[in-house]
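What follows is a set of notes on a single structure, which appears directly below.
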Amino acid sequence: MRRSRFTESEILHLLYEASAGVPVAEICSTAGVSLRTFYRWRRRFGGLDVPAVMQMKDLAAENLRLRRLVSHLFERLRDPVHNGAPQPESAAASSPRRDRERDQRRAVEIAAEKCGGALTGRFASVRVNP
């Protein structure tokens with residue numbers, strides 16, 4: 001995703017100017033942004049101030065960290081090697097078909113994790129509920 005030329009505090013300053021009575025068209029022409037961008041910012045940062053935006057950013061980072069942690073734990077529970085489960089003798093000499101099936105299952109699980117739990121593809125409406 002492309003980064004904005006403006007920081008959150010600059011965007012909040014522009015929104016504050018608009019709420020103080022400066023015409024939106026003048027703010028947009030001075031800042032070099034379109035009206036659509038300005039109204040998108042207003043929708044996103046509407047009644048927030050600088051500390052609230054910083055808190056929102058911290059919460060988003062913590063949410064991302066926790067999602068990664070949960071997906072890592074989910075992966076460890078699914079993988080029998082990390083589970084400490086005894087592996088059969090034939091596991092060392094498993095067939096290519098089993099390997100391909102395991103890789104396909106893993107690909108579906110990764111896709112489901114990235115989509116927030118929804119399986120993609122043939123069964124797109126099925127939710128993952130471990």
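The values are calculated or read from the model by the stated rules, or taken from the named source; none is laboratory data. Computed from a predicted model, the values in this text were never measured in an experiment. Cβ coordinates were reconstructed from backbone atoms using ideal geometry, including for glycine residues, and neighbour counts include every protein chain displayed. All accessible areas refer to the heavy atoms of the entire protein, side chains included, with ligands and DNA or RNA removed. Shrake-Rupley method; radii C 1.70, N 1.55, O 1.52, S 1.80 Å.
Computed quantities for the displayed model
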| item | result |
| --- | --- |
| Of residues in the range 63-114 being outside any helix (DSSP H, G or I) and open to solvent by less than 70 Å² (accessible area, probe 1.4 Å), the one modelled with the highest pLDDT | D79 |
| Residue that is farthest from R5 (Cα to Cα), among those in the range 16-47 that are under 23 Å from the mean Cα position of the chain (by Cα) and open to solvent by less than 90 Å² (accessible area, probe 1.4 Å) | G46 |
| Among (1) at pLDDT 90 or above; (2) out of contact with any helix residue (DSSP H, G or I) (no Cβ under 6 Å at 6 or more places or on another chain), the one test that V24 misses | (2) |
| Criterion violated by T30 - all others in (1) modelled with pLDDT under 85; (2) out of contact with any Ser or Thr (no Cβ under 7 Å at 6 or more places or on another chain); (3) closer than 30 Å to E10 by Cβ satisfied | (1) |
